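Notes follow once the structure below has been shown.
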Amino acid sequence: MKKSKAPSSRRAEIQQLYQCYASGQVTLPARALLRFLHKEQMELTANEETAESLIDRYEIEETARERRCMTFEGFLRYMESKDCCVFNQVHTSVYQDMDQPLTSYFISTSHNTYLTGDQLVGKSHLDAYVCALRKGCRCLEIDCWDGPDMEPVVYHGYTLTTKILFKDVITTVEQHAFEVSAYPVILSLENHCSQEQQEVMAQYLISILGDKLLRTPLDHATTGDLPSPNDLKYKILIKNKKLRPQIKAEDAAGAEESGDEDEEEEEEEDEEDEDHQTKAKFWSPRKAGSRKKARILFNTTRSSSPGFIQQDQGHPHPTTTLKSFGMLARSLDNGGCGYVLKPAVLMSSQRSFDPSCSQHNVKPTHLLLKVISGSNLPIPRSGKALDPFVRVEIHGIASDSRRKTTHTVKNNSLSPHWDSDMNFNISIPELCLIRFCVRDQTGLLSSDFVGQYMLSFGSLKKGEPQRQREQQGVGLHPATAGCLSGLETDAAWIQPPSSSLSGIPKYRSPYQTLTHTQPRQQIEKCG
């Protein structure tokens, strides 16, 4: 069968789809639009009222609205709207249970938050804390060191990074902590200060944060777990190591004795934690057993990496996750509030989860993708047209992680057409992230980054989502598509097959466009 000619543009593609459902009519009636919603968008609960509400929102021609029809321009406006976003719009607000203990959540976490550059000579700036908080980060790192004039400072110790005042950091946090999320902020203090300057830090925390600082135990009974995000709304928590006990000179005469004292200190802390449990009415993180909070760190020798995205696979119940905020795949979920409920596979008390095991005794989920086309891809400074291709990557447990690529379209930045089908079998979709990456083929085995979009598997919407447009972290209106990269996919979320079904139910999303461009330097920092 001869393959049909590829549409010349994104607009032409949508026009073909529009004409298919308009069936030769000049406008698209509400009933035909409803058929489109059912068949293509898989919005099976939609009714004529739903179709008419879309007409009211996106049709600007008064005559068409009165006739309960949609013109092509209205249909195009709808296809480019958030109603057709590839990211499930239900997930743009808080929809998960927020009454579970803190250890039941992934917490959006920042590493070396104060840095705007690398870890050796980069600049420390208060804006880095503002940026992290505005992107939903709920756990900030503050590296504290003794400063002149009894003023603690924040910087990456033993390096040439610039210094900022601790009190300024706390003031900034107090001003911006709850701009985008009401859920608790955790200040992770990497404390290198003397006892005298730690006392100064404590006074700043109390005087600047005021009632926002959690200073006393919760006064309601709990089950023995940590409090929930709802319990701690609009509160700021401090995570800090306790002061080391004063050690007499005669007791500190050698490495072995020092090691013994460290062990005794750990036992002392455990005893104090047990006492604290009774007083505080909830378990200390140190005594939370297998459900303790964990912070996944990376190789500190990588001087160019202030943070990166880390799939939590090596720890049975990790809580905080370090990530680059250029990649918001998981933190966008649950309204971007900074707390995402862990999947059941990580919460089971009956069995432990082994991510290295390839057999998980579950039927695989089948993900079908069709990468269709792109539009208005940004050309390099050389002015040469791109030779673009698309790489789709699945990031999950080892047995699920894989990648597939389309063919390369030669010399076409304006409207490359791939029309490539991809099929993935995923055993643990709850832990999977999906990355769409557009690259420019520069040689036989080399390519350059053009743009990307990444989201968690569970946030992939059924239907025909539109392009996600972002350039250098700033969202852009569809009218500026000329300076953005675009990637259209037919994303199908296929449910696990059931013995009672004659086939696999398919949820199709043709023509969705995914775009996310970042500065090349930022991508390199993401590792």
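Can you figure out the FRET efficiency of SER194 with SER23, using R₀ = 60 Å and their beta-carbon distance, to the nearest 0.05? Mind dumping the intermediate values first?
Details: r = 79 Å, r/R0 = 1.32.
Taking R0 as 60 Å, the efficiency between SER194 and SER23 is 0.15.
Provide the gained length on full extension for the span ARG215 to MET347, in nm with one decimal, where the gain is 0.36 nm per separating residue minus the Cα-Cα distance.
On the way: separation 132, 0.36 × 132 = 47.52 nm, distance 2.93 nm.
Here the segment from ARG215 to MET347 would lengthen by 44.6 nm.
Using a basic spin-label model with each label point 7 Å from the Cα along Cα→Cβ, how many nm lie between VAL362 and SER207?
5.2 nm
Quick one: how many Å² of THR442 are accessible to a 1.4 Å probe, rounded to 10?
80 Å²
Largest first, what is the accessible-area ranking of TRP418, TRP145 with a 1.4 Å probe? Don't skip to the answer; put the middle values down first.
Working: TRP418 5, TRP145 35 Å².
Sorted by accessible area, descending: TRP145, TRP418.
Given LYS233/LYS461; LYS123/LYS167; LYS163/LYS233, which pairs have Cα atoms separated by over 24 Å? Could the numbers behind the result be given before it?
Values: LYS233/LYS461 29 Å; LYS123/LYS167 18 Å; LYS163/LYS233 31 Å.
Result: LYS233/LYS461; LYS163/LYS233 exceed 24 Å.
Calculate the FRET efficiency for GLU62 and GLN15 from the Cβ-Cβ distance with a Förster distance of 22 Å, rounded to the nearest 0.05.
On the way: r = 22 Å, r/R0 = 1.02.
It comes to 0.45.
With each label point set 7 Å from Cα along the Cα-Cβ vector, what nm distance links ILE379 and LYS39?
So the label points at ILE379 and LYS39 sit 3.9 nm apart.
May I ask you to rank VAL185, VAL200 by accessible area, largest first, using a 1.4 Å probe over the protein chains only?
Values: VAL185 0, VAL200 35 Å².
Sorted by accessible area, descending: VAL200, VAL185.
Figure the gain on full extension for THR171 and LEU444 (residue separation times 0.36 nm, minus the Cα-Cα span) and round it to one decimal in nm. Walk me through the numbers before you get to the answer.
Numbers: separation 273, 0.36 × 273 = 98.28 nm, distance 5.27 nm.
Full extension of this stretch gives 93.0 nm more.
Note the full-extension length gain between VAL90 and ASP149 as 0.36 nm times their separation in residues minus their Cα-Cα distance, in nm to one decimal.
Values: separation 59, 0.36 × 59 = 21.24 nm, distance 5.13 nm.
Computed gain between VAL90 and ASP149 is 16.1 nm.
Treating only the Cβ of Lys, Arg, Asp and Glu as charged (+1, +1, -1, -1), what charge dipole size does region 410-464 show about its Cα centre? Round to the nearest 20 debye. Display every interim value, and only then the final one.
Working: 5 positive and 6 negative charges, 14 e Å.
Result for region 410-464 is approximately 60 debye, rounded to the nearest 20.
Could you check the simple spin-label distance between ASN412 and LYS123, using points 7 Å along Cα→Cβ, in nm with one decimal?
4.3 nm
What is the distance in Å between the Cα centres of region 436-458 and region 329-346?
The distance from the Cα centre of region 436-458 to that of region 329-346 comes to 25 Å.
The values are calculated or read from the model by the stated rules, or taken from the named source; none is laboratory data. Note that the structure is a prediction, hence the values are computed from the model and not measured. No Cβ is skipped: glycine too gets one built from the backbone with ideal geometry, and neighbour counts run over all protein chains shown. Accessible surface areas use protein heavy atoms only, side chains included; no ligands, DNA or RNA. Shrake-Rupley method; radii C 1.70, N 1.55, O 1.52, S 1.80 Å.
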